Amino acid sequence: MPTPPYQRRVSRSAVAALGAVGLVALGAAPAAVGDEAPPSLALGDIKPITGVKPGSPVDLPVTVVNNGTTTVEKLWIKYTATRGLAFPEVPSNCQKQYVGAYDEMPERWIAICAFDKAVKPGVAYTPQKPFAVKAEKHAFDDEMWVTVTDYEPSPDENSTPTPGTAPEIELIESPTGGTGSTDRFRVPVTSVNTADYEVTGAALRGKPGDTVTMKVTFTNTGPGWVWSKPGTPWTSVLVTLPAGTSVVKPDFYCKAKGKVYNCGLTTRPQEHLETAAFTFKLKIDKKVAGAKGSVALSNRKLPFDPDKANDTAPITLEVTGGEPGTTGGTVGGSGSTGGSSGGSTGGPSAGGTGTATTAGNLAATGSSSATLPIAGAAAAAVVTGAGTILVVRRRARHDS
């Protein structure tokens, strides 16, 4: 899928609030407080889908039930899938829409299918052929939302839908019947996949008194994408700087915690082939024998990342001239590659853009427990329908 060139960096608490908005955008809009009885049109139970092999089709059974007392002359079924899933064959009675990532929500596919079928009360119906869903090679921990309505849902305003070209799918009476109590279902789709997080360090060279630039990076080299949501282990980047240096200007999104800088990540760099770069301006104060620093993931207990060898990388410092000083010194940073200050995000070798986020609220515990930016409280607010969500769209600066 294409990746839009927007770059966003927000604090972990901000991402937590936007997590609730993300669920709404995926089709899980909460019922308003005081809503009446369950809708006339409802869906039969759709169980979570596990053990999917990347590249294979996903079986998504859908049953529609009319719980009302009158016939519904026409209905629509809306399918929404996160970026690890795709709609390879869209019927001609459906329209397909790709929506790029925005407001910390992942990119996704949307399909809205219209059925000119009289749906009688107390009768269950099912598409004569399941809607085609495929797990992409980067599929990992995905979700689908299925919604049924007696009105045509509005498309997402951020892109233009296109009509499907595959043969039309009709709605037929279900031979097995069925019951339903909700008009929308969240369906977790878990694929058997891995994601390799890696960091790169830097090599500095200069004489005492020089100011140098250091850039270190974080990349998810895949193949799986990782959507930072409740239940997924979180990590940030820890930068330990060589002795004998001092910080002239740290990356804006890296916050000092003692002698270590904690650099936060948004969802984007953790997806797939996205890189977050953290840039420091450092002064070489004196020559310290054997001085070196490091870059490391704050949480290395990531079950989806089997390769731990690239979870750390060295920062080396070669000081020319000057006499060796005593051990210790002001903790600072070093680097070999340039880049704009303020934590610019660069693309990985395989392409793409990335982001980083304010690290002040991202102190990692080293635990594999769920400490994600999409807070459980925000998600719970969406599920229960409590509260009003205010969406403020940001279009952050795009660093080339």
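The values are calculated or read from the model by the stated rules, or taken from the named source; none is laboratory data. This is a predicted model, so every value here is computed, not measured. We place every Cβ from the backbone using ideal geometry, glycine too, and count neighbours over all the protein chains shown. We work out accessible area using only protein heavy atoms, side chains counted, and drop any ligands, DNA or RNA first. Shrake-Rupley method; radii C 1.70, N 1.55, O 1.52, S 1.80 Å.
Laid out as a table, the results:
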quantity	calculated
Qualifying residue in the stretch 253-266 (condition: at pLDDT below 90 and touching a helix residue (DSSP H, G or I) at 6+ places or on another chain (Cβ under 9 Å))	yes
The stretch 150-174, residues that are part of a loop (DSSP other than H, G, I, E, B) and under 24 Å from L41 (Cα atoms)	D150, Y151, E152, P153, S154, P155, D156, E168, I169, E170, S174
Test for A195: is it touching a His at 6+ places or on another chain (Cβ under 8 Å) and among the hydrophobic types (A, V, I, L, M, F, W, C)	yes
Search result, residues across the stretch 252-267 that are at negative phi and either open to solvent by less than 10 Å² (accessible area, probe 1.4 Å) or part of a loop (DSSP other than H, G, I, E, B) (or both)	F252, Y253, C254, K259, N262, C263, G264, L265, T266, T267
Looking only at the stretch 85-106, and only at residues there that are small (G, A, S), in contact with a Ser or Thr (Cβ under 9 Å, 6 or more places away or on another chain) and open to solvent by 10 Å² or more (accessible area, probe 1.4 Å), the one that is nearest to Y151 (Cα to Cα)	S92
Strands (runs of 3 or more DSSP E) completely within the stretch 175-251 that count 2 or more residues being crowded, with 22+ Cβ neighbours inside 10 Å and among the hydroxyl-bearing types (S, T, Y)	211-223
The one condition in (1) at positive phi; (2) at pLDDT 95 or above that T149 fails to fulfil	(1)
Selected residue (only one of W109, W76 is among the aromatic types (F, W, Y), open to solvent by 10 Å² or more (accessible area, probe 1.4 Å) and farther than 30 Å from G224 by Cα)	W76
Test: residue in the stretch 276-297 that is modelled with pLDDT of 90 or more, surrounded by fewer than 18 Cβ atoms within 10 Å (Cβ to Cβ), part of a loop (DSSP other than H, G, I, E, B) and among the aliphatic types (A, V, I, L, M)	yes
Where T126 falls short, out of the listed (1) of a type in the set (S, T, Y); (2) farther than 26 Å from G178 by Cα; (3) open to solvent by 10 Å² or more (accessible area, probe 1.4 Å)	(2)
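Every residue, every condition in (1) in a loop (DSSP other than H, G, I, E, B); (2) out of contact with any strand residue (DSSP E or B) (no Cβ under 6 Å at 6 or more places or on another chain), yes or no:
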site	(1), (2)
P61	yes, yes
V65	no, no
Y79	no, no
K96	no, no
P121	yes, no
M144	no, no
